[in-house]
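Below: the structure, in structure tokens.
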Amino acid sequence: MKRLLERTFVVEAAAERAWAELLAAERWPRWALHLRSVQVTPPGPVRPGSSATLKLTNHTRATVRVTEFQDGRRFRWEGSFLWLGLGYDHVITTDEMGRVTITFTVDAAGLGVNTVGPLFAGIYARNLDRAIPRLQVLLQSPDPARPK
């Protein structure tokens with residue numbers, strides 16, 4: 001697969017909270033405004049064996065399934081767009097100072113990877129570049145699930 005896109009950023013949040021937010025794909029439209037909805041099967045947090053249908057605001061739809069899962073650290077799901085096979089990685093790392101870094105990558109393979117791939121990556125990059133600051137703000141806000 002060819003790397004089309006990579007975004008790495010630091011968040012001021014506990015790794016557990018960041019991981020929980022990434023697994024809560026059905027809530028992603030709160031910060032990823034290009035998504036109209038995400039339906040995970042089976043319902044609940046993303047886990048090994050999960051699949052999801054993502055409905056985008058441009059009325060397109062994508063179906064993905066988890067192909068790799070390392071609890072607390074990384075999951076990858078794969079799907080397709082036109083003639084491209086796509087892999088979306090979600091990785092969380094913590095450095096020795098306790099800072100949490102999230103990395104999103106998009107890889108592609110197949111017919112059109114050198115022509116359609118860059119076009120897809122450009123559109124996806126704009127969406128991701130708008131979503132990341134919203135995710136950072138969300139993760140830095142008080143956790144509503146944590147009692148005061």
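List of remarks:
- Hits in the stretch 89-100 - residues which are open to solvent by 30 Å² or more (accessible area, probe 1.4 Å) and part of a strand (DSSP E or B): T93, T94
- For the stretch 51-72, the condition of being touching a residue at least 24 places away in the same chain (Cβ under 8 Å), over 21 Å from N127 (Cα atoms), not acidic (D, E) and not in a strand (DSSP E or B) holds for at least one residue.
- For the stretch 41-59, filtered to residues that are touching an Asp or Glu at 6+ places or on another chain (Cβ under 9 Å) and small (G, A, S), the residue that is surrounded by the fewest Cβ atoms within 10 Å (Cβ to Cβ) is G44.
- Selection status of L82, over 22 Å from R134 (Cα atoms) and either buried (at least 19 other Cβ atoms within 10 Å of the Cβ) or touching a residue at least 12 places away in the same chain (Cβ under 8 Å) (or both): yes
- Hey, V38 touching an Asp or Glu at 6+ places or on another chain (Cβ under 6 Å), more than 16 Å from T8 (Cα to Cα) and surrounded by 16 or more Cβ atoms within 10 Å (Cβ to Cβ) or not: yes
- For G110, the test of being over 15 Å from the mean Cα position of the chain (by Cα) and open to solvent by less than 30 Å² (accessible area, probe 1.4 Å) is failed.
- Applying the criterion of being open to solvent by 30 Å² or more (accessible area, probe 1.4 Å) and part of a loop (DSSP other than H, G, I, E, B) to the residues of the stretch 5-33, the residue that is modelled with the highest pLDDT is L33.
The values are calculated or read from the model by the stated rules, or taken from the named source; none is laboratory data. Please read these numbers as outputs of a predicted model, since none were measured by experiment. Every residue, glycine among them, receives a Cβ derived from its backbone with ideal geometry; neighbour counts consider all protein chains shown. Ligands, DNA and RNA are excluded from the accessible area calculation, which covers all protein heavy atoms including side chains. Shrake-Rupley method; radii C 1.70, N 1.55, O 1.52, S 1.80 Å.
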